[in-house]
Amino acid sequence: MSSETISIRSHHGSKSAVEKAAQVIFMACGFFAVLAVASIALYMVVSGTPALFKVGILEILFGSVWRPDGVEASFGILYVILTSIVGTSMAILIGVPIGVMTAVFLAEVAPPRLAGFVRPAVELLAGIPSVIYGLLGILILNPLMYKLELIIFKGSQTHQFTGGANLISAVLVLALMILPTVINISESALRAVPVQLRSASLALGATKIQTIFHVALPAARSGIITAIVLGTGRAIGEAMAISLVSGSSVNLPLPFNSVRFLTTAIVSEMGYAAGLHREVLFTIGLVLFAFIMIINASLTGLLKKGGNRNDR
């Protein structure tokens with residue numbers, strides 16, 4: 001009896017030590033994650049705020065002229081901010097419905113053999129480098145947009161032709177790039193919905209389509225919103241592909257205008273910028289960082305609000 005008691009106590013002590021060690025490791029990982037975010041935020045604030053005071057907050061955020069190398073330098077990024085807002089919103093409006101419906105098809109409708117063919121293709125899209133999307137846009141999308149531009153603005157004396165490198169091209173490339181993220185996460189969320197919910201809906205006389213839209217999708221709402229958050233982050237943070245297909249000119253974000261996003265403004269000029277010009281580029285990075293934080297906070301609040309409503 002005594003030896004059994006000692007062995008049990010010894011096993012319990014070793015288990016407790018392992019649990020404490022695991023707790024310390026997990027706490028350290030969480031601490032470093034928070035530290036990384038705080039360090040990035042602090043760096044962006046320290047690097048991005050000096051230009052706001054040197055040039056002026058209103059001049060930078062609401063100025064419409066970007067001429068950093070002029071005799072009288074101008075650093076207005078209003079059109080750049082509007083382009084990022086409009087371009088990202090349009091990409092989300094196009095990409096999210098297509099992505100969610102594709103996820104519904106793969107999780108609920110597609111035969112297993114067809115789903116097994118489509119799913120690797122979607123995963124392959126996620127692994128394609130951004131520059132490849134940009135090159136495909138230059139080779140395929142821009143010529144098509146240029147032909148459309150020639151038809152629409154035929155005989156125009158005021159339109160500045162872009163060769164197809166315009167806002168529409170950038171939006172379509174962004175919409176394509178967010179599809180893998182939205183599809184994969186939404187499909188995982190739909191597959192996590194308990195089978196009992198579907199069975200109960202069908203037993204009450206609902207059709208398969210009614211069950212999908214009134215039972216499965218609402219039950220997977222949190223996962224789908226997570227997919228939208230990550231897709232939005234991918235869209236607003238993309239630079240390489242967009243710099244190749246958007247024309248990278250500071251203009252009002254109209255469909256057939258050559259435009260510049262916040263990310264492409266940094267990428268296209270950071271290599272040669274110096275002095276105040278470089279500081280303003282860091283300010284653009286701060287604005288981009290603030291946008292991402294606001295979007296994440298807003299969608300997370302929407303998710304929590306929806307979860308509380310469902311709990312009631």
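The values are calculated or read from the model by the stated rules, or taken from the named source; none is laboratory data. Predicted, not measured: the structure shown is a model, and the values here were computed from it. Cβ placement follows ideal geometry from the backbone for every residue including glycine, while neighbour counts extend to all protein chains displayed. Surface areas here come from the heavy atoms of the whole protein model, side chains and all, with no ligands, DNA or RNA. Shrake-Rupley method; radii C 1.70, N 1.55, O 1.52, S 1.80 Å.
Classify the chain: rounded, prolate or oblate, from the alpha-carbon gyration tensor (a ≥ b ≥ c, eigenvalue square roots; a/c under 1.5 rounded; otherwise prolate if a/b is larger than b/c)?
Details: a/c = 2.53, a/b = 1.40, b/c = 1.81.
Verdict is oblate for the chain.
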*Considering only protein heavy atoms, what is the solvent-accessible area of TYR43 at a probe of 1.4 Å, reported in Å² to the nearest 10?*
130
_Can you compute the modelled spin-label distance between SER64 and VAL46, with each label point 7 Å from Cα toward Cβ, in nm?_
3.8
*Distance in nm between pseudo-label sites at ILE292 and HIS159 (7 Å out along the Cβ direction from Cα)*: 3.6
*Treat every Asp and Glu Cβ in the chain as -1 and every Lys and Arg Cβ as +1, leave all other atoms uncharged, and give the resulting dipole magnitude about the Cα centre to the nearest 20 debye.*
860
*Just add up the charged neighbours of LEU197: K/R +1, D/E -1, any other residue whose Cβ is under 15 Å from the Cβ of LEU197.*
+3
*Within the set of other residues whose C-beta is less than 13 Å from the C-beta of LEU276, count the net charge using Lys and Arg as +1 and Asp and Glu as -1.*
-2
*Please list, or write none, the aspartates and glutamates whose alpha carbon is within less than 13 Å of the alpha carbon of LYS20, excluding same-chain residues fewer than 8 places away.*
none
*Mean accessible surface per residue for the stretch 103-219, computed with a 1.4 Å probe while every protein chain stays in place, in Å²*: 56
*Spatial separation of Cα centroids for the stretch 47-111 and the stretch 181-248, in angstrom*: 24
*Based on the mean of other Cβ atoms within 10 Å per residue, sort peptides 49-60, 252-263, 282-293, 148-159 so the most packed one is first.*
252-263, 282-293, 49-60, 148-159
*Could you check how much of the accessible area of the chain is carbon and sulfur, as a whole percent, using a 1.4 Å probe?*
70
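Among rounded, prolate and oblate, which fits the stretch 166-264 when a ≥ b ≥ c are the square roots of the eigenvalues of its C-alpha gyration tensor, a/c under 1.5 means rounded, and a/b larger than b/c means prolate?
Cα axes put the stretch 166-264 in the prolate bin.
Under 14 Å from the Cβ of ILE242, count the other residues' Cβ atoms, weight Lys and Arg +1, Asp and Glu -1, and hand me the total. Intermediate values should be presented prior to the final figure.
Values: positive: ARG234, ARG260; negative: GLU238.
Around ILE242, the surrounding residues sum to +1.
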_P(r) weight above 17 Å for the stretch 33-143, C-alpha pairs, percent_ = 76
*How much accessible area does ARG278 have with a 1.4 Å probe, in Å² rounded to the nearest 10?*
100
*Which distance in nm do the two modelled labels at PHE32 and GLU123 give, with both placed 7 Å along the Cα-to-Cβ direction?*
2.8
